[in-house]
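In what follows, a structure is listed as C-alpha cells, so that the remarks can point back to it.
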Amino acid sequence: MAAELGLPATGIDLVPLAIERAVQKARDRDLEARFFVADALELEELGEQFDVVLDCGLFHVFDDAGRERFVRSLSSVVASGGRYFMLCFSDLQPGDWGPRRVRKPEIESSFAGGWTIESIEPSTIEITTDRSGARAWLSSIVRS
C-alpha cells in the first residue's frame, strides 16, 4: 500500500515464503519496496527507525508475555512521534475459532508506557473463511 503511494516501504515476516510472495507481488506490480525475513519480537536487529508501522493481523497472535516483548521491540524502531497503526481481532467477534480475541483494555495496557493511544475503533479485518470479515479493532498509537 505504501509503495503504491510512492512512499518508502519495508515489509518483514518471519516466514521466508511470505517474503518471497511479497517480493514477487511487488515485482508484478512494478513497485519498489524492501522485504526482510525478520522476527517482530527482535525489530531492533533491523538497525533502523520508522515514522510509521502498519500491522494487520500480528498483534493478536501474541500471548501476554509476547505482547509485552513485541511492544518493547516496536519501541526500538518507531521514532519519537512516529505512529503505529494496528488492525487486530476483536473480542466482539462471535465464536471461538481463529486467533485469540483482543479486548480494548488489553491494547490500552500494552501501550500504557511510552505511547499515546489516539484511537481504538471497531473495524473489520478481511479473512479467507468469511467474506464479511471478522470484527476487529483499528488502533492509532503514537510513540512518545
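The values are calculated or read from the model by the stated rules, or taken from the named source; none is laboratory data. Because the structure is predicted, anything quoted here is derived from the model rather than measured. Note that we place each Cβ from the backbone using ideal geometry, even for glycine, and neighbour counts take in every protein chain shown.
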Subset of the range 120-142 (residues that are surrounded by 14 or more Cβ atoms within 10 Å (Cβ to Cβ) and under 24 Å from SER75 (Cα atoms)): ILE120, ALA136, TRP137, LEU138, SER139, SER140, ILE141, VAL142
Residue identified as closer than 28 Å to GLU121 by Cβ, in contact with a strand residue (DSSP E or B) (Cβ under 6 Å, 6 or more places away or on another chain) and at pLDDT below 95 among ALA22, ALA79: ALA79
Look at the range 39-56 and say how many of its residues are farther than 13 Å from PHE70 by Cβ and not aromatic (Phe, Trp, Tyr). 9
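Assess whether ARG103 counts as being over 23 Å from ILE12 (Cβ atoms), at pLDDT 95 or above and of a type in the set (Lys, Arg).
Here the answer is yes, as ARG103 does meet what is asked.
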If I filter the range 102-138 down to residues being among the β-branched types (Val, Ile, Thr) and outside any strand (DSSP E or B), which single residue comes out as nearest to the chain's Cα centre (by Cα)? ILE107
If a residue has to be under 21 Å from ALA9 (Cβ atoms) and of a type in the set (D, E, K, R) to count, how many in the range 53-100 make the cut? 2
